[in-house]
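The values are calculated or read from the model by the stated rules, or taken from the named source; none is laboratory data. Worth saying up front: this structure is predicted, and the values here are computed from it rather than measured. Reconstructed Cβ throughout: ideal geometry from the backbone, glycine too, with neighbour counts over all protein chains shown. Just the protein is used for accessible areas: all its heavy atoms, side chains included, with ligands, DNA and RNA removed. Shrake-Rupley method; radii C 1.70, N 1.55, O 1.52, S 1.80 Å.
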Amino acid sequence: MFRNAPWLLQQIILALAGASAGGIIAAGVFAFLAIIGVFPRLIGKTKTRNRILLYETVIITGGVLGNIIDIYEFPVPIGGDLVLGTFGFAVGIFVGCLVMSLAETIKTMPVITRRVHLAVGFQYVILSIAVGKTLGALVYFTHSMSGG
């Protein structure tokens, strides 16, 4: 693509493209979590609406640091089982909140089916989504993970 450009310029352009793509994906994930109500529900349940700036800072910092640790595979040499147990507990709470938010989102399915006038065949829509997700995962794991 940039065959005549110097090597350093190519690396800079690739780094910017990669960072931009990663930022867009991360923004989509955080927007999804906000839309389904994970963060607003936690803020409402804990009655800490006056600390929204802190929530935003912690969420963004956690996402950025988590990605950096995942990409560069930094070892975490401190804490041992205590840090691992605390992290596991926090992740479990987050997954529980995510599942409850998704369960509440499913309650909107009857409204959606009425709005799009889908009287019959909704089970096929759900089946198509599940089959597509399964096929996508199979392609990813058989091609991407095996290096092929």
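Label-point separation (nm) for A27 and D81, each offset 7 Å from Cα along Cα-to-Cβ?
For the pair A27/D81, the computed spacing is 4.4 nm.
So, by mean Cβ neighbours within 10 angstrom, what's the order for 27-38, 85-96 with the highest one leading?
Per-residue Cβ counts within 10 Å, averaged per peptide and sorted highest first, yield 27-38, 85-96.
Restricting to DSSP loop positions (anything but H, G, I, E, B) with no more than 15 other Cβ atoms inside 10 Å of their own Cβ, which trypsin sites (Lys or Arg not before Pro) remain in the range 10-49?
Of the trypsin sites (Lys or Arg not before Pro), the ones in loops of the range 10-49 whose Cβ has at most 15 other Cβ atoms within 10 Å are K47.
Determine, from the Cβ-Cβ distance of A34 and Q10 and an R0 of 35 Å, the FRET efficiency 1/(1 + (r/R0)^6), rounded to the nearest 0.05.
Using R0 = 35 Å, I get an efficiency of 0.45.
Can you give the extra length, in nm with one decimal, that the chain gains between F74 and R114 once fully stretched, where that is 0.36 nm per residue apart less the Cα-Cα distance?
9.4 nm
Give the accessible surface of the range 6-94 per residue, rounded to a whole number of Å², with probe radius 1.4 Å and ligands, DNA and RNA excluded.
Per residue, the range 6-94 has 80 Å² of solvent-accessible surface.
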